[in-house]
Amino acid sequence: MDTSLKNRLTTLIYDEYRKLKPSSRPVVKSNGTKEWTVLASIVAWNTETDHLRLITLSTGVKALPDILLLKSGGNMIHDCHAEILSIRGLNTVILNHIKNIEQGRLSDLLDKDNSKYTWKSENKIILYISRMPCGDASMDTMEDQKDPASKFEINDNDPSQYLFEGNTTILRGRLNFSKKGYVRSKPGRYDSQITLSKSCSDKLCMKQVTSLLNSITYDLLNRPVYIDYLLIPSLERTDFNGIERCFKTRLNNKYQESDIHRPVFFVVETCDNQFIDDKKNDDETPSAMSSIKLYYDKSNTQEQAILNGVKNGSYTKGSKPLPKGCEPAVSRLGQWKLYKEIDQNVTGSYLEFKGKQVARREMIGIVRQMLSFDGWIHTRKDDCKS
Ligand SMILES: [Zn+2]
């Protein structure tokens, strides 16, 4: 990727960020504290025309405590870290395009090929993230070592470093900084309610095998869609060490030539232009708001601010049920509803549908085993029946 392409990319992404509604962006609080967030974007780079086509723009640094998923019913987004929202967004855009193709419209991203769809191969996928993904890749990042959790001395025998006692290959957040190459849960304050969501490093690492497609889109396309480039501003040499270990070494030695689902490694690039609302100093506070903007086509976009996993303003406290229509377009329920418009013969719930995907489940199981020898810790089941 040359410098002029990187400049065009960051100009496009930052210009679009400035167009987001003020409610979708960090604010300066009434006490004067400035909020910060992470920005992510998925862009298709057409290598034949050199055209850059924005697909998603997202912000966010929050993940829900596992216990809150009890009343989700597919409405709530568990993991609102920006890069994860963008990946969800890509899947929603793909579902929208398939629906349109079925209604006789053209798509600039997909072709129809007999009964399945193909991602147009001239569209290379670039995932931009404004800072290093949380988890293993960023364990070498000097700035993140300022995190209070890293000053917290942890003895290697201390069970509190683990997400679950008995599983010594999944660590809790940033605890025990010296351990490298481990699966970690999303970082958070040590006294906060526990989230079982895995770090963005672990999720991106897995996507190199499973692809960006989720359980709903995986069978609709005849080939998986991988990240071609990961672009992160201001990377230093130590960051590249973490990147190499997290995204390559962890998988590379373990796959055989003959394995069918071998990893497809992305190329990591860096650039100078930093994101305006990145964290600049320790007085700043992370924004509770997340947001996603989907670019279905030139004249059709959709922007949603997300708070506590649902559309901003829809969250209900305690056991009070969530209101109808609170689900963001990129939520499980949002995507499931779109899928049911495409395949009107589908019966049963989302989890029943997912349970039938034996080959995909096996592929995921193999990567999880490679990343965490002691087994996997699952997040709470979250089904949608409607
Ligand atoms: Zn993250």
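The values are calculated or read from the model by the stated rules, or taken from the named source; none is laboratory data. Given the structure is predicted, the values throughout are model-derived calculations rather than measurements. Cβ placement follows ideal geometry from the backbone for every residue including glycine, while neighbour counts extend to all protein chains displayed. Heads up: the accessible areas ignore ligands, DNA and RNA and are worked out on the full protein's heavy atoms, side chains in. Shrake-Rupley method; radii C 1.70, N 1.55, O 1.52, S 1.80 Å.
Looking at (1) touching a Leu at 6+ places or on another chain (Cβ under 9 Å); (2) farther than 29 Å from Arg360 by Cβ; (3) assigned to a helix (DSSP H, G or I), which one does Phe240 not meet, given that it meets all the others? With respect to (1) touching a Leu at 6+ places or on another chain (Cβ under 9 Å); (2) farther than 29 Å from Arg360 by Cβ; (3) assigned to a helix (DSSP H, G or I), Phe240 is out only on (1). You will find that of Gln369, Gln335, the residue that is open to solvent by 30 Å² or more (accessible area, probe 1.4 Å) and polar (S, T, N, Q) is Gln369 and no other.
Exactly one residue out of Glu257, Glu269 is among the acidic types (Asp, Glu) and touching a residue at least 12 places away in the same chain (Cβ under 8 Å), and it is Glu269. Select from segment 113-134 the residues that are small (Gly, Ala, Ser) and open to solvent by less than 40 Å² (accessible area, probe 1.4 Å) and list them in ascending order. Ser130, the sole residue that qualifies. Suppose we keep only residues that are of a type in the set (Val, Ile, Thr) and modelled with pLDDT of 85 or more within segment 166-206. Which one would you say is surrounded by the fewest Cβ atoms within 10 Å (Cβ to Cβ)? Taking the candidates together, the pick is Thr168. The criterion of at least 3 residues that are under 23 Å from His97 (Cα atoms) is met by the following helices (runs of 4 or more DSSP H) wholly inside segment 322-386: 332-342, 350-355. Using the structure shown, decide if Glu83 is farther than 23 Å from Lys385 by Cα, of a type in the set (D, E, K, R) and open to solvent by less than 20 Å² (accessible area, probe 1.4 Å). Answer is yes for this residue.
On inspection, Asp79 passes the criterion of being within 12 Å of the ligand (Cβ to nearest atom) and more than 11 Å from Ala40 (Cβ to Cβ). Looking at the structure I just gave you, is Asp108 within 30 Å of Gln344 (Cα to Cα) and modelled with pLDDT under 95? Answer is no for this residue. Restricting segment 338-366 to residues that are over 23 Å from Met206 (Cα atoms) and touching a helix residue (DSSP H, G or I) at 6+ places or on another chain (Cβ under 8 Å), the residue that is most open to solvent (accessible area, probe 1.4 Å) is Glu341.
Taken over segment 37-50, the criterion of being open to solvent by 10 Å² or more (accessible area, probe 1.4 Å), in contact with a strand residue (DSSP E or B) (Cβ under 8 Å, 6 or more places away or on another chain) and more than 14 Å from the ligand (Cβ to nearest atom) is satisfied by Trp45, Asn46, Thr47.
Looking at segment 51-64, which of its residues are open to solvent by 10 Å² or more (accessible area, probe 1.4 Å) and more than 16 Å from the ligand (Cβ to nearest atom)? Listed by number, the residues that qualify are His51, Leu52, Arg53, Leu54. May I ask you to verify whether Thr316 is polar (S, T, N, Q), closer than 20 Å to Leu95 by Cα and either part of a loop (DSSP other than H, G, I, E, B) or at pLDDT below 95 (or both)? No; evaluated as a whole, the condition is false for this residue.
Set side by side, the residues Ile67, Ile126 differ, and just one is away from the ligand (no atom under 16 Å from the Cβ) and closer than 23 Å to Ser192 by Cβ, which is Ile67.
When we screen Leu12, Leu85 for residues that are away from the ligand (no atom under 16 Å from the Cβ) and in contact (Cβ under 8 Å) with a residue 40 or more places away in the chain, the only hit is Leu12. Apart from one condition, Asn253 fits all of (1) open to solvent by 50 Å² or more (accessible area, probe 1.4 Å); (2) under 20 Å from Gly135 (Cβ atoms); (3) under 21 Å from the mean Cα position of the chain (by Cα); the exception is (3). The set of residues in segment 176-214 being more than 26 Å from Tyr255 (Cβ to Cβ) and either within 16 Å of the ligand (Cβ to nearest atom) or touching a residue at least 40 places away in the same chain (Cβ under 8 Å) (or both) consists of Lys186, Pro187, Gly188, Arg189, Tyr190, Ser192, Gln193, Ile194, Thr195, Leu196.
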